[in-house]
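Asker: Okay, handing you the structure first.
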Amino acid sequence: MTISNDMTTCKNCGWVHFAVSRDYIKKQTKEFAAFWNNSSIKTKLLYMPLGTKESDLPERYNEQKHSERYLRCFKCGDSYKNFRKSKEKDSPVGCTIQPILDYKE
Ligand SMILES: [Zn+2]
């Protein structure tokens, strides 16, 4: 995989993410919440953990929980502050890269 400037690596476990800004997180969270809040029950369930029942669905999408996912490593849960710029060979070819708040923010 080609490493670009916006890619960061978790110092704890080595997982590669792409760095995003606080503004991006705010915008993405608002947009997703608006989409989810206006979706059918069937669609809402697609975005919940497996086994969630209609009666378990929250009335409104939890924006705080959504945006907090950007503050932790996807793999080990470490803070976005414990990241460094990615180097070549940090990430294998063909893997999925998750977003995280830029450690420089
Ligand atoms: Zn990690």
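Asker: Please provide three numbers in whole Å: the alpha-carbon extents of region 15-68 along the principal axes, with the largest listed first.
Answerer: If we take the Cα atoms of region 15-68, the spans are 35, 25, 16 Å.
Asker: Over region 6-86, what is the relative contact order in whole percent, taking alpha-carbon pairs under 8 Å and six or more residues apart? Display every interim value, and only then the final one.
Answerer: Working: 77 pairs, mean separation 36.7, N = 81.
Taking the mean separation of contacting Cα pairs over the length of region 6-86, I get 45 percent.
Asker: Beyond 18 Å between alpha-carbons counts as too far, so tell me which of 42/65; 11/65; 30/65 fall in that bin.
Answerer: Those over the limit are 42/65; 11/65.
Asker: I would also like to ask the following. How far, in nm, would the chain grow between residue 50 and residue 88 when pulled straight, counting 0.36 nm per residue and subtracting the alpha carbon separation? Numbers along the way, then the final one.
Answerer: On the way: separation 38, 0.36 × 38 = 13.68 nm, distance 3.56 nm.
10.1 nm is the gain from fully extending residue 50 to residue 88.
Asker: Direction-averaged shadow area of the convex hull around the Cα atoms of the chain, nm²?
Answerer: Working: hull surface 29.9 nm².
With every direction weighted equally, the projected area is 7.5 nm².
All of the numbers you see were taken from the coordinates with simple rules; none came from a lab. Here the structure is a predicted model, which is why all the values come from computation and not from measurement.
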